Amino acid sequence: MAAVGNQVNLLELSGEQISELLKSGRLSIAVFGLGGVGMAVAAVWLRAGARVIGVDVDIRKVEVIRSGRIPHPEEVVVTTLRESLSSGRFSVTTEGSEAVKSTHVADVIVPLIYSSEGPDFAPLDRAVKVIGSSMRRGYVVVIETSLPPLTTETRVKSTLERLSGLRADEDFALIYSPERVLVGRAIEDIELRYPKIVSGVGPRSLRVAEALYSNIARAGVLKVSSPRTAEFAKLAEGVYRDVNIALANELARLARVLGVDFTEVISAANTQPYSHLHRPGAGVGGHCIPVYPRLLSWVAQLFGVRLELVDHARSINEAQPLEVVHLLVEELDRLGYSPADGLKVSVLGLAYRGGVPIATNSPTYRIVWELLRLGYQVSVHDPLIESDEYLRSTGVELSRDLREALLGSVAVIVATDHREYSRLTPCDLVELSGSSVVVVVDARDIMKVDPCCGAVYVGIGRGRRCSATEG
(Lines give C-alpha, C1' and ligand atoms only; values in the text may rest on other atoms or scores of the structure.)
Protein backbone atom coordinates (compact mmCIF):
# COMPACT_ATOMS: atom_id res chain seq x y z
CA MET A 1 0.00 0.00 0.00
CA ALA A 2 1.60 3.23 -1.21
CA ALA A 3 0.89 5.28 1.89
CA VAL A 4 2.49 6.31 5.15
CA GLY A 5 0.51 7.68 8.12
CA ASN A 6 -1.84 10.56 7.36
CA GLN A 7 -0.28 11.18 3.95
CA VAL A 8 -2.26 8.33 2.41
CA ASN A 9 -4.11 9.27 -0.80
CA LEU A 10 -7.46 7.50 -0.56
CA LEU A 11 -8.28 8.29 -4.19
CA GLU A 12 -5.37 6.07 -5.27
CA LEU A 13 -6.44 3.08 -3.18
CA SER A 14 -8.79 0.26 -4.11
CA GLY A 15 -12.00 -0.32 -2.23
CA GLU A 16 -10.43 -3.33 -0.52
CA GLN A 17 -7.46 -1.26 0.63
CA ILE A 18 -9.73 1.45 2.05
CA SER A 19 -11.76 -1.17 3.92
CA GLU A 20 -8.59 -2.69 5.33
CA LEU A 21 -7.38 0.72 6.54
CA LEU A 22 -10.70 1.27 8.31
CA LYS A 23 -11.00 -2.15 9.90
CA SER A 24 -7.38 -2.18 11.05
CA GLY A 25 -7.72 1.11 12.91
CA ARG A 26 -5.30 2.97 10.63
CA LEU A 27 -7.96 5.28 9.17
CA SER A 28 -8.60 8.53 11.07
CA ILE A 29 -11.76 10.59 10.71
CA ALA A 30 -12.58 14.10 11.92
CA VAL A 31 -16.29 14.47 12.69
CA PHE A 32 -17.34 18.13 12.53
CA GLY A 33 -20.38 18.78 14.73
CA LEU A 34 -21.01 16.95 17.99
CA GLY A 35 -24.76 17.27 18.30
CA GLY A 36 -26.94 14.23 18.87
CA VAL A 37 -26.45 12.92 15.32
CA GLY A 38 -22.77 13.90 15.18
CA MET A 39 -21.97 11.93 18.33
CA ALA A 40 -23.82 8.91 16.91
CA VAL A 41 -21.87 9.21 13.64
CA ALA A 42 -18.61 9.35 15.58
CA ALA A 43 -19.65 6.23 17.50
CA VAL A 44 -20.46 4.39 14.26
CA TRP A 45 -17.04 5.16 12.77
CA LEU A 46 -15.39 3.99 16.00
CA ARG A 47 -17.42 0.77 15.94
CA ALA A 48 -16.23 0.20 12.36
CA GLY A 49 -12.58 0.47 13.47
CA ALA A 50 -11.60 4.08 12.73
CA ARG A 51 -9.85 6.49 15.04
CA VAL A 52 -11.99 9.60 15.46
CA ILE A 53 -11.43 13.23 16.41
CA GLY A 54 -14.65 15.05 17.26
CA VAL A 55 -14.70 18.76 16.41
CA ASP A 56 -17.13 21.33 17.78
CA VAL A 57 -17.04 25.11 18.22
CA ASP A 58 -18.73 24.85 21.63
CA ILE A 59 -15.86 24.62 24.11
CA ARG A 60 -18.20 23.71 26.97
CA LYS A 61 -19.55 20.74 25.03
CA VAL A 62 -16.02 19.64 24.15
CA GLU A 63 -14.98 19.80 27.80
CA VAL A 64 -18.05 17.84 28.92
CA ILE A 65 -17.39 15.07 26.38
CA ARG A 66 -13.68 15.03 27.17
CA SER A 67 -14.56 14.42 30.84
CA GLY A 68 -16.51 11.31 29.85
CA ARG A 69 -19.95 12.83 30.49
CA ILE A 70 -21.54 12.03 27.14
CA PRO A 71 -24.82 14.00 26.69
CA HIS A 72 -26.63 11.50 24.49
CA PRO A 73 -29.86 9.47 24.95
CA GLU A 74 -28.48 6.25 23.40
CA GLU A 75 -26.56 4.02 25.77
CA VAL A 76 -24.56 2.42 22.96
CA VAL A 77 -23.33 5.87 21.86
CA VAL A 78 -22.40 6.79 25.43
CA THR A 79 -20.58 3.51 26.01
CA THR A 80 -18.72 3.59 22.70
CA LEU A 81 -17.50 7.17 23.08
CA ARG A 82 -16.58 6.75 26.73
CA GLU A 83 -14.59 3.55 26.12
CA SER A 84 -12.89 5.07 23.06
CA LEU A 85 -11.90 8.12 25.07
CA SER A 86 -10.25 5.83 27.63
CA SER A 87 -8.41 3.82 24.98
CA GLY A 88 -7.23 6.90 23.09
CA ARG A 89 -9.11 6.06 19.89
CA PHE A 90 -11.44 9.05 20.34
CA SER A 91 -10.60 12.63 21.22
CA VAL A 92 -12.40 15.97 21.01
CA THR A 93 -11.24 19.46 20.16
CA THR A 94 -12.28 22.92 19.05
CA GLU A 95 -9.24 23.10 16.74
CA GLY A 96 -10.65 21.89 13.44
CA SER A 97 -7.52 22.70 11.48
CA GLU A 98 -5.35 20.41 13.60
CA ALA A 99 -8.00 17.68 13.38
CA VAL A 100 -7.91 17.82 9.57
CA LYS A 101 -4.13 17.64 9.48
CA SER A 102 -4.25 14.53 11.69
CA THR A 103 -6.90 12.63 9.74
CA HIS A 104 -7.73 11.15 6.35
CA VAL A 105 -11.44 12.03 6.22
CA ALA A 106 -13.60 14.94 7.42
CA ASP A 107 -17.25 14.05 8.04
CA VAL A 108 -19.37 17.21 8.37
CA ILE A 109 -22.63 16.98 10.32
CA VAL A 110 -23.07 20.57 11.51
CA PRO A 111 -26.56 22.11 11.85
CA LEU A 112 -28.33 24.06 9.12
CA ILE A 113 -30.94 26.41 10.59
CA TYR A 114 -33.77 27.98 8.60
CA SER A 115 -35.01 31.44 9.56
CA SER A 116 -37.42 33.90 7.99
CA GLU A 117 -34.53 35.11 5.84
CA GLY A 118 -33.70 31.65 4.51
CA PRO A 119 -31.16 28.95 5.39
CA ASP A 120 -28.25 29.91 7.63
CA PHE A 121 -25.15 28.40 6.05
CA ALA A 122 -22.75 29.90 8.62
CA PRO A 123 -21.95 26.66 10.53
CA LEU A 124 -21.42 24.77 7.27
CA ASP A 125 -19.32 27.54 5.75
CA ARG A 126 -17.18 27.74 8.89
CA ALA A 127 -16.45 24.00 8.85
CA VAL A 128 -15.79 23.89 5.10
CA LYS A 129 -13.38 26.83 5.30
CA VAL A 130 -11.39 25.16 8.08
CA ILE A 131 -11.22 21.93 6.09
CA GLY A 132 -10.31 23.64 2.81
CA SER A 133 -7.52 25.61 4.45
CA SER A 134 -5.97 22.54 6.08
CA MET A 135 -6.49 19.52 3.85
CA ARG A 136 -3.96 17.97 1.51
CA ARG A 137 -3.98 15.97 -1.71
CA GLY A 138 -5.78 12.66 -1.27
CA TYR A 139 -8.07 13.90 1.52
CA VAL A 140 -11.76 12.96 1.67
CA VAL A 141 -14.58 15.33 2.60
CA VAL A 142 -18.02 13.91 3.42
CA ILE A 143 -21.03 16.18 3.94
CA GLU A 144 -23.93 14.64 5.89
CA THR A 145 -25.83 17.81 6.84
CA SER A 146 -29.24 18.05 5.15
CA LEU A 147 -28.85 20.70 2.45
CA PRO A 148 -30.82 22.39 -0.35
CA PRO A 149 -30.03 20.72 -3.69
CA LEU A 150 -26.89 22.06 -5.42
CA THR A 151 -25.20 23.18 -2.19
CA THR A 152 -22.45 20.53 -2.28
CA GLU A 153 -21.73 21.00 -5.99
CA THR A 154 -21.57 24.79 -5.79
CA ARG A 155 -21.06 26.30 -2.35
CA VAL A 156 -19.02 23.51 -0.74
CA LYS A 157 -16.98 22.47 -3.78
CA SER A 158 -15.96 26.00 -4.78
CA THR A 159 -14.86 26.89 -1.24
CA LEU A 160 -12.79 23.74 -0.83
CA GLU A 161 -11.10 24.18 -4.22
CA ARG A 162 -10.41 27.88 -3.70
CA LEU A 163 -8.86 27.50 -0.25
CA SER A 164 -6.92 24.28 -0.89
CA GLY A 165 -5.76 24.96 -4.44
CA LEU A 166 -6.84 21.39 -5.24
CA ARG A 167 -9.43 20.01 -7.66
CA ALA A 168 -12.40 17.97 -6.52
CA ASP A 169 -12.42 14.35 -7.71
CA GLU A 170 -8.89 14.70 -9.05
CA ASP A 171 -6.92 15.77 -5.98
CA PHE A 172 -9.49 15.16 -3.23
CA ALA A 173 -12.79 13.32 -2.85
CA LEU A 174 -16.01 15.22 -2.18
CA ILE A 175 -18.93 13.09 -1.08
CA TYR A 176 -22.50 13.93 -0.12
CA SER A 177 -24.19 11.25 1.99
CA PRO A 178 -27.14 12.49 4.07
CA GLU A 179 -27.71 11.26 7.60
CA ARG A 180 -30.98 9.31 7.96
CA VAL A 181 -31.59 8.83 11.65
CA LEU A 182 -34.02 9.36 14.49
CA VAL A 183 -32.30 10.44 17.67
CA GLY A 184 -32.81 7.65 20.17
CA ARG A 185 -32.10 4.89 17.67
CA ALA A 186 -29.38 6.46 15.51
CA ILE A 187 -26.91 3.56 15.68
CA GLU A 188 -29.57 1.10 14.61
CA ASP A 189 -30.69 3.39 11.77
CA ILE A 190 -27.17 3.88 10.40
CA GLU A 191 -25.88 0.35 10.78
CA LEU A 192 -29.00 -1.76 10.24
CA ARG A 193 -32.23 -0.05 9.29
CA TYR A 194 -31.60 2.06 6.17
CA PRO A 195 -29.44 1.82 3.05
CA LYS A 196 -26.77 4.51 3.05
CA ILE A 197 -27.36 7.00 0.22
CA VAL A 198 -24.00 8.06 -1.27
CA SER A 199 -23.01 10.43 -4.05
CA GLY A 200 -19.83 12.05 -5.26
CA VAL A 201 -18.88 15.03 -7.39
CA GLY A 202 -17.25 12.54 -9.73
CA PRO A 203 -16.63 8.80 -10.17
CA ARG A 204 -13.53 8.67 -7.96
CA SER A 205 -15.34 10.34 -5.08
CA LEU A 206 -18.28 7.97 -5.48
CA ARG A 207 -15.96 4.95 -5.42
CA VAL A 208 -14.40 6.13 -2.15
CA ALA A 209 -17.87 6.72 -0.68
CA GLU A 210 -18.95 3.19 -1.55
CA ALA A 211 -15.76 1.73 -0.10
CA LEU A 212 -16.18 3.56 3.21
CA TYR A 213 -19.88 3.04 3.83
CA SER A 214 -20.02 -0.57 2.67
CA ASN A 215 -18.25 -1.32 5.97
CA ILE A 216 -21.02 0.35 7.99
CA ALA A 217 -24.44 0.01 6.39
CA ARG A 218 -25.57 -3.60 6.53
CA ALA A 219 -28.71 -2.62 4.61
CA GLY A 220 -26.42 -1.72 1.71
CA VAL A 221 -25.08 1.33 -0.08
CA LEU A 222 -27.38 3.14 -2.50
CA LYS A 223 -25.36 5.06 -5.10
CA VAL A 224 -27.12 7.99 -6.77
CA SER A 225 -26.03 9.98 -9.78
CA SER A 226 -25.14 13.30 -8.15
CA PRO A 227 -24.98 15.18 -4.84
CA ARG A 228 -28.01 17.24 -5.85
CA THR A 229 -29.99 14.01 -6.22
CA ALA A 230 -28.93 12.84 -2.76
CA GLU A 231 -29.69 16.26 -1.26
CA PHE A 232 -33.12 16.28 -2.90
CA ALA A 233 -33.89 12.72 -1.77
CA LYS A 234 -33.14 13.53 1.86
CA LEU A 235 -35.40 16.59 1.88
CA ALA A 236 -38.13 14.72 -0.02
CA GLU A 237 -38.28 12.13 2.78
CA GLY A 238 -39.10 14.84 5.31
CA VAL A 239 -41.48 16.71 3.00
CA TYR A 240 -43.44 13.50 2.41
CA ARG A 241 -43.97 13.11 6.13
CA ASP A 242 -44.88 16.77 6.64
CA VAL A 243 -47.50 16.65 3.88
CA ASN A 244 -48.88 13.35 5.18
CA ILE A 245 -49.15 14.71 8.73
CA ALA A 246 -50.93 17.81 7.42
CA LEU A 247 -53.38 15.53 5.61
CA ALA A 248 -53.94 13.58 8.82
CA ASN A 249 -54.51 16.78 10.78
CA GLU A 250 -57.14 17.96 8.28
CA LEU A 251 -58.92 14.58 8.10
CA ALA A 252 -58.89 14.37 11.90
CA ARG A 253 -60.91 17.59 12.08
CA LEU A 254 -63.61 16.08 9.90
CA ALA A 255 -63.56 12.79 11.80
CA ARG A 256 -64.00 14.66 15.07
CA VAL A 257 -67.14 16.53 13.97
CA LEU A 258 -68.59 13.35 12.42
CA GLY A 259 -68.08 11.42 15.63
CA VAL A 260 -65.64 9.03 13.93
CA ASP A 261 -62.49 7.77 15.67
CA PHE A 262 -59.71 8.67 13.24
CA THR A 263 -57.36 6.09 14.77
CA GLU A 264 -59.84 3.47 13.59
CA VAL A 265 -59.93 5.08 10.15
CA ILE A 266 -56.14 4.89 9.93
CA SER A 267 -56.06 1.22 10.90
CA ALA A 268 -58.71 0.34 8.31
CA ALA A 269 -57.40 2.53 5.46
CA ASN A 270 -53.78 1.45 5.85
CA THR A 271 -54.63 -2.18 5.17
CA GLN A 272 -54.67 -1.02 1.55
CA PRO A 273 -51.02 -1.25 0.45
CA TYR A 274 -50.98 2.19 -1.21
CA SER A 275 -52.40 4.00 1.83
CA HIS A 276 -49.92 5.27 4.40
CA LEU A 277 -51.95 7.68 6.51
CA HIS A 278 -49.98 9.16 9.40
CA ARG A 279 -51.35 10.08 12.81
CA PRO A 280 -52.60 13.58 13.61
CA GLY A 281 -51.06 15.51 16.46
CA ALA A 282 -50.33 18.81 18.15
CA GLY A 283 -48.08 19.96 15.30
CA VAL A 284 -44.68 18.97 13.94
CA GLY A 285 -41.38 19.47 15.75
CA GLY A 286 -37.78 18.33 15.71
CA HIS A 287 -34.68 19.35 13.80
CA CYS A 288 -35.83 17.98 10.45
CA ILE A 289 -39.45 17.83 9.32
CA PRO A 290 -40.35 21.48 10.05
CA VAL A 291 -37.19 22.63 8.25
CA TYR A 292 -36.94 20.47 5.13
CA PRO A 293 -40.05 21.86 3.37
CA ARG A 294 -38.70 25.37 3.85
CA LEU A 295 -35.32 24.40 2.39
CA LEU A 296 -36.93 22.81 -0.66
CA SER A 297 -39.29 25.76 -1.18
CA TRP A 298 -36.37 28.16 -0.84
CA VAL A 299 -34.36 26.53 -3.60
CA ALA A 300 -37.52 26.14 -5.73
CA GLN A 301 -38.12 29.89 -5.58
CA LEU A 302 -34.58 30.52 -6.82
CA PHE A 303 -35.62 28.71 -10.01
CA GLY A 304 -39.07 30.32 -10.26
CA VAL A 305 -40.96 27.25 -9.05
CA ARG A 306 -43.66 27.39 -6.37
CA LEU A 307 -44.30 24.28 -4.28
CA GLU A 308 -47.92 25.04 -3.41
CA LEU A 309 -48.82 21.75 -1.74
CA VAL A 310 -45.59 21.70 0.28
CA ASP A 311 -46.12 25.27 1.48
CA HIS A 312 -49.77 24.72 2.35
CA ALA A 313 -49.01 21.57 4.32
CA ARG A 314 -46.38 23.45 6.30
CA SER A 315 -48.93 26.17 7.09
CA ILE A 316 -51.45 23.59 8.33
CA ASN A 317 -48.92 21.97 10.66
CA GLU A 318 -47.66 25.30 11.96
CA ALA A 319 -51.24 26.27 12.85
CA GLN A 320 -52.06 22.95 14.52
CA PRO A 321 -51.04 24.06 18.05
CA LEU A 322 -53.63 26.85 17.75
CA GLU A 323 -56.25 24.28 16.76
CA VAL A 324 -55.44 22.36 19.94
CA VAL A 325 -55.82 25.47 22.10
CA HIS A 326 -59.08 26.34 20.31
CA LEU A 327 -60.52 22.94 21.26
CA LEU A 328 -59.57 23.54 24.87
CA VAL A 329 -61.07 27.01 25.03
CA GLU A 330 -64.24 25.75 23.36
CA GLU A 331 -64.74 23.04 25.99
CA LEU A 332 -63.96 25.38 28.88
CA ASP A 333 -66.46 27.86 27.47
CA ARG A 334 -69.13 25.15 27.46
CA LEU A 335 -68.56 24.79 31.20
CA GLY A 336 -68.83 28.52 31.75
CA TYR A 337 -65.11 29.19 32.30
CA SER A 338 -63.08 32.01 30.78
CA PRO A 339 -59.37 32.90 30.85
CA ALA A 340 -60.24 35.79 33.17
CA ASP A 341 -60.99 33.22 35.87
CA GLY A 342 -57.22 32.62 36.32
CA LEU A 343 -57.52 28.95 35.40
CA LYS A 344 -54.52 26.65 35.44
CA VAL A 345 -53.86 24.50 32.36
CA SER A 346 -51.34 21.65 32.40
CA VAL A 347 -49.56 20.63 29.20
CA LEU A 348 -48.28 17.05 29.18
CA GLY A 349 -45.13 16.78 27.10
CA LEU A 350 -42.47 19.27 26.06
CA ALA A 351 -40.49 16.88 23.83
CA TYR A 352 -41.30 17.13 20.13
CA ARG A 353 -42.00 13.37 20.03
CA GLY A 354 -42.44 10.60 22.51
CA GLY A 355 -39.51 8.82 24.07
CA VAL A 356 -36.84 11.48 23.45
CA PRO A 357 -35.58 14.24 25.77
CA ILE A 358 -35.46 16.81 22.96
CA ALA A 359 -37.76 19.82 22.57
CA THR A 360 -36.40 21.40 19.38
CA ASN A 361 -39.25 23.15 17.52
CA SER A 362 -41.77 21.39 19.76
CA PRO A 363 -45.44 22.35 19.19
CA THR A 364 -45.70 22.70 22.96
CA TYR A 365 -43.88 26.03 22.78
CA ARG A 366 -46.62 27.58 20.65
CA ILE A 367 -49.34 25.96 22.76
CA VAL A 368 -47.82 27.50 25.89
CA TRP A 369 -47.37 30.87 24.18
CA GLU A 370 -51.00 30.95 23.10
CA LEU A 371 -52.33 29.87 26.51
CA LEU A 372 -50.29 32.60 28.20
CA ARG A 373 -51.49 35.15 25.65
CA LEU A 374 -55.08 34.24 26.49
CA GLY A 375 -54.44 34.71 30.18
CA TYR A 376 -54.24 31.15 31.52
CA GLN A 377 -51.79 29.95 34.12
CA VAL A 378 -49.66 27.18 32.62
CA SER A 379 -47.57 24.28 33.89
CA VAL A 380 -45.70 21.76 31.74
CA HIS A 381 -44.81 18.17 32.55
CA ASP A 382 -42.26 16.02 30.80
CA PRO A 383 -40.77 12.81 32.24
CA LEU A 384 -37.55 13.17 30.23
CA ILE A 385 -36.72 16.90 30.24
CA GLU A 386 -35.48 18.52 33.42
CA SER A 387 -35.18 22.17 32.44
CA ASP A 388 -35.95 24.51 29.55
CA GLU A 389 -34.70 28.03 28.97
CA TYR A 390 -37.80 29.30 27.15
CA LEU A 391 -40.25 28.06 29.78
CA ARG A 392 -38.06 29.50 32.52
CA SER A 393 -38.05 32.89 30.78
CA THR A 394 -41.86 32.94 30.69
CA GLY A 395 -42.25 31.86 34.30
CA VAL A 396 -43.88 28.57 33.33
CA GLU A 397 -43.13 25.68 35.67
CA LEU A 398 -41.61 22.56 34.11
CA SER A 399 -41.88 19.45 36.26
CA ARG A 400 -41.05 15.77 36.00
CA ASP A 401 -43.54 15.06 38.79
CA LEU A 402 -46.97 14.44 37.26
CA ARG A 403 -48.93 15.13 40.43
CA GLU A 404 -47.07 18.37 40.99
CA ALA A 405 -47.73 19.55 37.44
CA LEU A 406 -51.43 18.66 37.51
CA LEU A 407 -52.37 19.87 40.98
CA GLY A 408 -55.01 22.61 40.75
CA SER A 409 -55.49 22.30 36.97
CA VAL A 410 -58.95 22.43 35.42
CA ALA A 411 -57.67 21.53 31.97
CA VAL A 412 -55.00 19.29 30.46
CA ILE A 413 -53.49 19.12 26.97
CA VAL A 414 -51.67 15.93 26.01
CA ALA A 415 -49.11 17.35 23.57
CA THR A 416 -46.48 14.58 23.33
CA ASP A 417 -46.97 10.86 22.74
CA HIS A 418 -44.80 9.71 25.64
CA ARG A 419 -45.57 6.14 26.61
CA GLU A 420 -46.35 7.28 30.15
CA TYR A 421 -49.33 9.29 28.93
CA SER A 422 -50.85 6.41 26.97
CA ARG A 423 -51.39 4.62 30.28
CA LEU A 424 -53.44 7.46 31.76
CA THR A 425 -57.22 7.86 31.80
CA PRO A 426 -59.27 11.03 32.26
CA CYS A 427 -60.10 9.62 35.69
CA ASP A 428 -56.40 9.66 36.60
CA LEU A 429 -56.14 13.32 35.62
CA VAL A 430 -59.16 14.26 37.72
CA GLU A 431 -57.68 12.49 40.73
CA LEU A 432 -54.19 13.98 40.31
CA SER A 433 -55.46 17.52 39.73
CA GLY A 434 -57.75 17.56 42.74
CA SER A 435 -60.41 19.33 40.63
CA SER A 436 -64.00 18.20 40.38
CA VAL A 437 -64.03 18.61 36.59
CA VAL A 438 -61.07 18.48 34.20
CA VAL A 439 -61.17 19.24 30.47
CA VAL A 440 -58.77 16.95 28.59
CA VAL A 441 -57.66 17.67 25.03
CA ASP A 442 -55.72 14.66 23.79
CA ALA A 443 -53.72 16.05 20.89
CA ARG A 444 -52.18 12.64 20.21
CA ASP A 445 -55.25 10.39 20.56
CA ILE A 446 -53.26 8.09 22.84
CA MET A 447 -55.06 8.12 26.18
CA LYS A 448 -57.31 5.40 27.49
CA VAL A 449 -60.74 7.00 27.41
CA ASP A 450 -62.47 5.01 30.17
CA PRO A 451 -63.16 5.64 32.97
CA CYS A 452 -64.01 9.36 32.81
CA CYS A 453 -64.81 10.26 36.44
CA GLY A 454 -66.47 13.54 35.49
CA ALA A 455 -63.81 14.65 33.02
CA VAL A 456 -64.50 16.14 29.61
CA TYR A 457 -62.36 14.34 27.03
CA VAL A 458 -61.82 15.49 23.44
CA GLY A 459 -59.38 13.69 21.16
CA ILE A 460 -57.78 15.50 18.23
CA GLY A 461 -59.33 12.93 15.89
CA ARG A 462 -61.78 11.23 18.27
CA GLY A 463 -64.13 14.01 19.22
CA ARG A 464 -65.84 14.25 22.58
CA ARG A 465 -65.82 10.92 24.40
CA CYS A 466 -66.59 11.97 27.97
CA SER A 467 -68.77 14.74 29.33
CA ALA A 468 -68.78 16.34 32.76
CA THR A 469 -71.93 14.43 33.66
CA GLU A 470 -70.40 10.99 33.08
CA GLY A 471 -68.93 8.96 35.96
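Tabulated values for the structure
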item	result
Any chance Arg306 is under 21 Å from the mean Cα position of the chain (by Cα) and of a type in the set (Lys, Arg)	no
One residue from Ser387, Ser393, Ser409, Ser435 being in a loop (DSSP other than H, G, I, E, B), of a type in the set (S, T, N, Q) and out of contact with any Gly (no Cβ under 9 Å at 6 or more places or on another chain)	Ser387
Pairs where the first residue, in the range 258-281, is surrounded by fewer than 18 Cβ atoms within 10 Å (Cβ to Cβ) and of a type in the set (A, V, I, L, M, F, W, C) and the second is assigned to a loop (DSSP other than H, G, I, E, B) and at pLDDT 95 or above, C-beta under 7 Å, 6+ apart	Ala269/Ser275; Ala269/Leu277
Verdict on Val347 being crowded, with 20+ Cβ neighbours inside 10 Å and either in the same structural domain as Arg444 (by TED's automatic domain parsing) or within 17 Å of His381 (Cα to Cα) (or both)	yes
Residues (on the phi > 0 side of the Ramachandran plot and free of Cβ contacts under 8 Å to residues at least 12 places away in the same chain) located in the range 202-244	none
Long-range neighbours under 7 Å by Cβ, at least six apart or interchain, first residue in the same structural domain as Ala411 (by TED's automatic domain parsing) within the range 362-375, second aromatic (Phe, Trp, Tyr)	Ser362/Tyr352; Tyr365/Tyr390
Unique residue being hydroxyl-bearing (Ser, Thr, Tyr), modelled with pLDDT of 95 or more and surrounded by 23 or more Cβ atoms within 10 Å (Cβ to Cβ) when the list is Ser158, Ser205	Ser205
Number of positions in the range 17-41 that are part of a helix (DSSP H, G or I), touching a helix residue (DSSP H, G or I) at 6+ places or on another chain (Cβ under 9 Å) and touching a residue at least 60 places away in the same chain (Cβ under 8 Å)	9
Meets criteria (small (Gly, Ala, Ser), in contact (Cβ under 8 Å) with a residue 60 or more places away in the chain and closer than 25 Å to Gly342 by Cβ) for Ala443	yes
Gly54 in contact (Cβ under 8 Å) with a residue 12 or more places away in the chain, touching a helix residue (DSSP H, G or I) at 6+ places or on another chain (Cβ under 8 Å), surrounded by fewer than 17 Cβ atoms within 10 Å (Cβ to Cβ) and small (Gly, Ala, Ser)	no
Residue under evaluation Leu247, criteria (1) surrounded by fewer than 23 Cβ atoms within 10 Å (Cβ to Cβ); (2) modelled with pLDDT of 95 or more; (3) under 26 Å from Ala43 (Cβ atoms), criterion not met	(3)
Count of residues meeting criterion [in contact with a helix residue (DSSP H, G or I) (Cβ under 6 Å, 6 or more places away or on another chain), of a type outside the set (Val, Ile, Thr) and within 28 Å of Val78 (Cβ to Cβ)] in the range 183-211	2
Scope the range 405-432; condition touching a Pro at 6+ places or on another chain (Cβ under 8 Å) and either hydroxyl-bearing (Ser, Thr, Tyr) or closer than 24 Å to Arg279 by Cα (or both); matching residues	Ala415, His418, Glu420, Thr425, Pro426
Single match in Asp311, Asp333, Asp388 (criterion: within 19 Å of the chain's Cα centre (by Cα) and on the phi < 0 side of the Ramachandran plot)	Asp388
Unique match (being surrounded by fewer than 19 Cβ atoms within 10 Å (Cβ to Cβ), aliphatic (A, V, I, L, M) and modelled with pLDDT of 95 or more) among Leu174, Leu166	Leu166
Condition check for Asp428: assigned by TED's automatic domain parsing to the domain that holds Val284, assigned to a loop (DSSP other than H, G, I, E, B) and surrounded by fewer than 24 Cβ atoms within 10 Å (Cβ to Cβ)	no
Hits in the range 438-471 (condition: in contact with a strand residue (DSSP E or B) (Cβ under 6 Å, 6 or more places away or on another chain), part of a strand (DSSP E or B) and either not assigned by TED's automatic domain parsing to the domain that holds Leu406 or not hydroxyl-bearing (Ser, Thr, Tyr) (or both))	Val439, Val440, Val441, Asp442, Val456, Val458, Gly459, Arg464, Arg465, Cys466
Residues being crowded, with 23+ Cβ neighbours inside 10 Å and more than 27 Å from Gly138 (Cβ to Cβ) - total across the range 184-202	1
Boolean, Arg193 is in contact with a Leu (Cβ under 7 Å, 6 or more places away or on another chain), assigned by TED's automatic domain parsing to the domain that holds Leu124, farther than 18 Å from Ala42 by Cβ and among the basic types (Lys, Arg)	no
Ile289, sole failed condition from (1) touching a residue at least 40 places away in the same chain (Cβ under 8 Å); (2) closer than 23 Å to Glu117 by Cα; (3) touching a Leu at 6+ places or on another chain (Cβ under 9 Å); (4) not basic (Lys, Arg)	(3)
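The values are calculated or read from the model by the stated rules, or taken from the named source; none is laboratory data. Just so it is clear, the structure is predicted and the values come from calculations on it, not from any experiment. Every residue, glycine among them, receives a Cβ derived from its backbone with ideal geometry; neighbour counts consider all protein chains shown.
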